[in-house]
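Heads up, the thing below is written out as structure tokens.
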Amino acid sequence: MALFLLLVLVAVVLVFIGTTVSGLGYLLAVGVAVLVADVIFFAVRLSRRARRRPVR
């Protein structure tokens, strides 16, 4: 969970810097890509954890 939160924080900072500083639009793209990858990573971990429990 700490890795998820750290990556979200990094993505938000990159997006913020990318939008405020002129000429650093690539940071905006990198921040969005990190955020999307982080959400996918979290969803995969959550779905794997849910499948392991047997239904009784």
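Any read-out appearing in this document is the output of simple, stated calculations on the displayed coordinates, not a laboratory observation. Keep in mind the model is a prediction, meaning the values are calculated, not measured.
Given that just one value was derived from the coordinates, which of (i) 19, 13, 12; (ii) 28, 12, 10; (iii) 33, 9, 5 is semi-axes √(5λ) of the Cα gyration tensor in Å?
Given (i) 19, 13, 12; (ii) 28, 12, 10; (iii) 33, 9, 5, the calculated one carries the label (iii).
Can you tell me the orientation of helix 25-51 relative to the chain, as the angle in degrees between its alpha-carbon axis and the longest Cα principal axis, to the nearest 10?
Roughly 10 degrees between the two axes.
From the helices alone, meaning DSSP H stretches of at least four residues, give me the mean residue ellipticity at 222 nm for the chain, per-run term -39500 (n - 2.57), in deg cm²/dmol to the nearest 500.
Helix-only estimate at 222 nm: -29000 deg cm²/dmol.
Working from Cα positions, state the angle (0 to 90°, nearest 10) between the long axis of helix 2-20 and the longest principal axis of the chain.
Helix 2-20 sits roughly 20 degrees off the main axis of the chain.
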